[in-house]
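Worksheet: the structure to be examined is printed underneath.
The values are calculated or read from the model by the stated rules, or taken from the named source; none is laboratory data. Given the structure is predicted, the values throughout are model-derived calculations rather than measurements. Glycine gets a Cβ as well: all are built from the backbone with ideal geometry, and neighbour counts include every protein chain shown. These accessible areas exclude ligands, DNA and RNA; they are computed on the full protein's heavy atoms, side chains included. Shrake-Rupley method; radii C 1.70, N 1.55, O 1.52, S 1.80 Å.
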Amino acid sequence: MKKRGIKYVVKKGNQFYPSEELKKIANITDPKIYTQAAKDPIKFWGDLAKEGLTWSKDWDKTYEEKLPYFKWFKGGKLNFSVNCVDRHLAHPEKTALIWVPEPKDEKPIKISYGELHNKINKFANVLKTNGIKKGDVVSIYLPMIPQALIAMLACTRIGAIHSVVFSAFASDALKARIQDGKAKILITSDGYYRRGKPENLLKKAKKAAKRTTVQKIIVVNRIGKKVRGRKFLDFDDELEKAESYCKPEMMNSEDTMFLLYTSGTTGKPKGVVHDTGGYATQAYWTCKWNFDLHPEDVMWCTADIGWVTGHTYAMYGPLLTGATTLVYEGGPDFPNPGRWWKIIQDHKVNVFYTAPTAVRMFMKIKQNWITKYDLSSLKILGTVGEPIDKKSWMWYFKTIGGSRCPIIDTWWQTETGGTLINTIPGIGPFVPTVSGKSFPGIKHVIVDDKGKPMPKGRQGFLAQTSPFAPGMLHGVFNNHKKYVDTYWKKFKTMYDTSDGAYLQDGLIRITGRTDDVMKVAGHRLATAEVENAIHDNRKVGDVAVVPMPDKMRGQVPIAFVVLKRGKPGKKLEQKLRKYVDIKIGPTARPARIFFVPDLPKTRSGKIMRRILKALLINEKPEGLMTLVNPTSVDKIKNIITENS
Ligand code: WT7
């Protein structure tokens, strides 16, 4: 008999609110928190930082702003790994991490806080032995295995800066990130399992590390490959040999803790810089309030550690709060589409956080793959990465949540470090397609391109006002100009999110990016990155990439290519798509490539991507007068029609 589970929501009119049961257990339930925090946001965050974290020295100044930079908890000292692990050691046997390997014949592994403490101390010593010091950059190119978490936390123990690169990214993408950060050490694995097959990760890692600053490559043995060479060390062997205690390095609150590269409007990804104290404060409190996470809860955030969501909610947030995090290695539908739901049943997951793309994928399958499992342990459902449509929201609510769990639609970015706009479970309301309010102590405004407030309900640009959230980026690595140009040029005293939004009944509804950034299955990609990759092929003369709406993946990249040589056709299209796989990774692979004689351009030579976007969705393009080659438009239109 399947259990029904506790009802955490009630319907009032057209909206869902927390039920009495949820209010009874929720970490926060009083909506007054918003007005209280707004009265003195700096004091509010100061109080939260003190209550939520363990500091070795108090700060002298809670907030200091010299735009475009700002500092939180200046003069305060703390160690991040101590906050994630050491301070929970009153119960060393408590499970910190549940790891579920993909192959069915391998058993899930539970790692307690005590064991985790032991492993990160040892691995921190391994890093030290290999010359890593405070402030050095360590590149991590690992799949979803426990060693990823150990490596990241070990870096924070000694004050090394980790730079995690998504394991599905190509060799070139990894190389660019290693070079920008000047990493001395690369931590990777021989491979991992994906849909039943071992993937060779080491081949890509080796290629990327060639002719870079990388001196040593530490390799996790995951698929049993033999690794030889002076440059290579075995992760587990080294860990075994190391001393068991490593004194934590007390860091300044505003010292850099990690870099994470993300796509902007140019072809080159930028290294988003996150600090220690501000990031930790936001990771802790957003986890606790937005997902109503309690120490006895199991949280499963399905994001890969290669993305910020994986950093903050698959690893750091749950550990900071002393809860249990679940990490799954493999594909969502392996060996069958019931895998995820069986994991929830087997491990009694309470908080489940995923992307709309995954929701849309599971809507399409035979529903028995889901409904046969007992999902009654679920309390909170979360979504992130792109706007979620009403139909998917309702399906997620009914089928996964059994119409009992609130859906928390969290808006945030790699740059913001933690969630910033969403509804809080104990407060509500939960409205399909609407993210909600700015987190207490944070303020967003919806403005026109000059920064003037839009009339209520009208769509505009989403901007954040001072004091800026503690988890916000502290710059772009070694690139002040890029930091200023990307986030501060438009509004000067407000942070430009590059998203559009409008207010609906006082709640924020996100409409999507206003720049040349695509969200493909929730992954962030610049059109220019994909263009650069295709342009590298010597047959290509000119190329434009634009996003096209897609039912499943939200958006997909579509490329328009002008050839210099070679014959257009299916074969070359396949070849160029493969080319993108090799240069960036399969997430960036264009869904289609159209070979066209010319691209619509202005007199100054700018490609009018807007026109291409309109043609793809069968809309009449506007602004043809500004083109030097208006006849190109009809030709492209015909090519799309003939080849679709
Ligand atoms: C962009 C940031 C940090 C979360 C993972 C993505 C879009 C994010 C939502 C949401 C509508 C969303 C925005 C944002 N986005 N969450 N709940 N509703 N759009 O981080 O890869 O840095 O992408 O994702 O467009 O700017 P990211």
Inset, instruction - Calculate one ³J(HN,Hα) per residue across the range 503-510 by plugging θ = phi - 60° into the Karplus curve 6.51 cos²θ - 1.76 cosθ + 1.60, and present them in order as whole Hz with x for glycine and proline. - result: 8, 10, 6, x, 10, 8, 10, 8
Inset, instruction - In whole angstrom, note down how far apart the Cα centers of the range 369-436 and the range 573-644 are. - result: 35 Å
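Given the pairs 119/443; 270/364; 43/456, which are separated by over 32 angstrom at their Cα positions?
Working: 119/443 40 Å; 270/364 36 Å; 43/456 29 Å.
In this structure, 119/443; 270/364 lie more than 32 Å apart at Cα.
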Inset, instruction - Give the peptides 152-163, 503-514, 202-213 in descending order of average Cβ contacts within 10 Å, highest first. - result: 152-163, 202-213, 503-514
Inset, instruction - Enumerate the lysines that residue 564 could reach by cross-link, defined here as Cα to Cα under 25 Å, with residues fewer than 8 away along the same chain left out. - result: 268, 539, 575, 578, 583, 601, 606, 613, 635, 637
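Once you keep just the Cα pairs under 8 angstrom separated by 6 or more residues, what percentage relative contact order results for the range 109-234? Present the calculation step by step, with values, prior to reporting the outcome.
Numbers: 205 pairs, mean separation 28.6, N = 126.
Over the range 109-234, the number comes to 23 percent.
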Legend entry - Cα gyration tensor shape for the range 257-391, rounded if a/c is under 1.5, else prolate or oblate: oblate
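Could you give the accessible area per residue of the range 354-490, probe 1.4 Å, as a whole number in Å²?
Result: 34 Å² per residue.
Taking square-rooted eigenvalues a ≥ b ≥ c of the alpha carbon gyration tensor, is the chain rounded, prolate or oblate, where a/c under 1.5 means rounded and, failing that, a/b exceeding b/c means prolate? List each step's numbers first, then the result.
Details: a/c = 1.36, a/b = 1.17, b/c = 1.16.
It is rounded, given that a/c, with a ≥ b ≥ c, falls under 1.5.
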Legend entry - Hz values of 3J(HN,Hα) by residue in the range 399-406 - Karplus curve (6.51, -1.76, 1.60), Gly and Pro given as x: 6, 7, x, x, 6, 10, 10, x
Legend entry - Accessible area per residue in Å² at 1.4 Å probe, computed on the range 114-252: 41 Å²
Legend entry - Reachable lysines, given that their alpha-carbon falls under 21 Å from the alpha-carbon of residue 122 and they are not under 8 places away in the same chain: 94, 110, 133, 134, 184, 216, 231, 241, 247
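What percentage of the solvent-accessible surface of the chain, computed with a 1.4 Å probe over protein heavy atoms, is contributed by carbon and sulfur atoms?
Details: 13550 of 26300 Å².
It is 52 percent, rounded to a whole number.
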Legend entry - Computed helical MRE - 222 nm, the chain, DSSP H runs ≥ 4 contributing -39500 (n - 2.57), nearest 500: -8000 deg cm²/dmol
Legend entry - Percent of Cα pairs exceeding the 22 Å cut-off, where the set is the range 521-643: 31 percent
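Could the peptides 365-376, 284-295, 536-547 be put in order, highest first, of the mean number of other beta-carbon atoms found within 10 Å of their residues? Present the calculation step by step, with values, prior to reporting the outcome.
Working: 365-376: 14.9, 284-295: 24.2, 536-547: 19.8.
Sorting 365-376, 284-295, 536-547 by mean packing, highest first, produces 284-295, 536-547, 365-376.
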Legend entry - Protection proxy ranking, peptides 568-579, 553-564, 246-257, average beta carbon neighbours within 10 Å, highest first: 553-564, 246-257, 568-579
Inset, instruction - Run a plain Debye calculation on the range 415-496 (Cα atoms as equal point scatterers, no solvent) and give log10 I(q)/I(0) at q = 0.12 Å⁻¹, rounded to two decimals, same order as the q list. - result: -0.41
Inset, instruction - Per residue of the range 149-158, in order, report the coupling 6.51 cos²θ - 1.76 cosθ + 1.60 (Karplus, θ = phi - 60°) as ³J(HN,Hα) in whole Hz, putting x for Gly and Pro. - result: 5, 5, 5, 5, 5, 5, 4, 5, 5, 9
Inset, instruction - Provide the percentage of antiparallel DSSP beta bridges, counting only those with both residues in the chain; round to the nearest 5. - result: 60 percent
